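Okay, so here's the structure we're looking at.
The values are calculated or read from the model by the stated rules, or taken from the named source; none is laboratory data. Because the structure is predicted, anything quoted here is derived from the model rather than measured. In this analysis, Cβ positions are derived from the backbone assuming ideal geometry, glycine residues included, and neighbour counts consider all displayed protein chains. Just the protein is used for accessible areas: all its heavy atoms, side chains included, with ligands, DNA and RNA removed. Shrake-Rupley method; radii C 1.70, N 1.55, O 1.52, S 1.80 Å.
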Amino acid sequence: MAALSAFLWWQMQPVRNTGTLDIGAPFTLASSKGGTVSSESLKGTPYAMFFGFTHCPMVCPTTLTEMQAAFAALGDVGKDLRMFFVSVDPERDTAQYLADYLTNFDPRIEGLVPTVAELPGIAKAFRVFYQKVPTSDGSYTMDHTATVFLFDRAGKFAGTIAFDEDPKLRVAKLKRLVEK
């Protein structure tokens, strides 16, 4: 039900005159590699952004593994491509925790951590749904959008990769992104 609500919300958002969704906004976020990453510092670099959390049981590790495989398939063509795993759970996902978690994946995948106060704004700008869901053991999990957002060298929204998308299509989208 939450996924349907998120999809309907996303579909009802205004579009630019260009006919494309207005996705993204300037940002500066804490990095799992130390310091910060800003949209301004990424100018000239194609990148992907995925919003998730480290305690995710399936969608997040699957997406990161699929993107790692796509990076490998790109070979040298994708050497400049970067990916950011933006936490929707900053209460548990510190920069250091993300750094440890991401050692399991391609080094071009970097964690970004908004503060609890920053999260609603960045989620809105990137049209990402997230919601804390209590679990029976007194803890919680997070429902969240399972889409990888692609941005070109100018920092403009360039498309998406769906969860569990065909590997050949995923690689083709990334190749097109880096060759622009």
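Of the options GLN68, VAL88, SER39, report the single residue whose Cα projects farthest towards the positive end of the charge dipole of the chain (beta-carbon charges: Lys, Arg +1; Asp, Glu -1). The residue sitting most towards the positive pole is SER39. Computed from the Cβ-Cβ distance with R0 of 22 Å, the FRET efficiency linking ASP80 to SER39 stands at 0.85. Label separation (GLN131 vs ASP22): 2.5 nm, computed from points 7 Å beyond Cα along the C-beta direction. Helical runs assigned H by DSSP (4 residues or longer) give the chain a calculated mean residue ellipticity at 222 nm of -9000 deg cm²/dmol, each run adding -39500 (n - 2.57) before division by the residue total. Dipole magnitude for the chain: computed about the Cα centre from +1 point charges on Lys and Arg Cβ and -1 point charges on Asp and Glu Cβ, it is near 640 debye.
Here each label is just a point 7 Å from Cα along the line to Cβ, and for THR141 and ASN104 those points are 1.5 nm apart. Per atom type, the range 109-149 shows carbon and sulfur on 58% of its accessible surface, probed at 1.4 Å. Using Rg and Dmax of the Cα atoms in Å as the read-out, say which of [x] 15.6, 48; [y] 16.5, 54; [z] 16.5, 49 was calculated from these coordinates. Matching entry in [x] 15.6, 48; [y] 16.5, 54; [z] 16.5, 49: [x]. Expressed per residue, the C-alpha convex hull volume of the range 43-149 stands at 105 Å³. Counting only protein heavy atoms and a 1.4 Å probe, the chain has 51 square angstrom of accessible area per residue.
Legend: distances between Cα atoms for LYS79/LYS173; LYS79/LYS180; LYS33/LYS124; LYS33/LYS180; LYS43/LYS175; pairs beyond 23 Å are LYS33/LYS124; LYS33/LYS180. Rounded to the nearest 10 square angstrom, PHE151 shows an accessible area of 0 square angstrom against a 1.4 Å probe.
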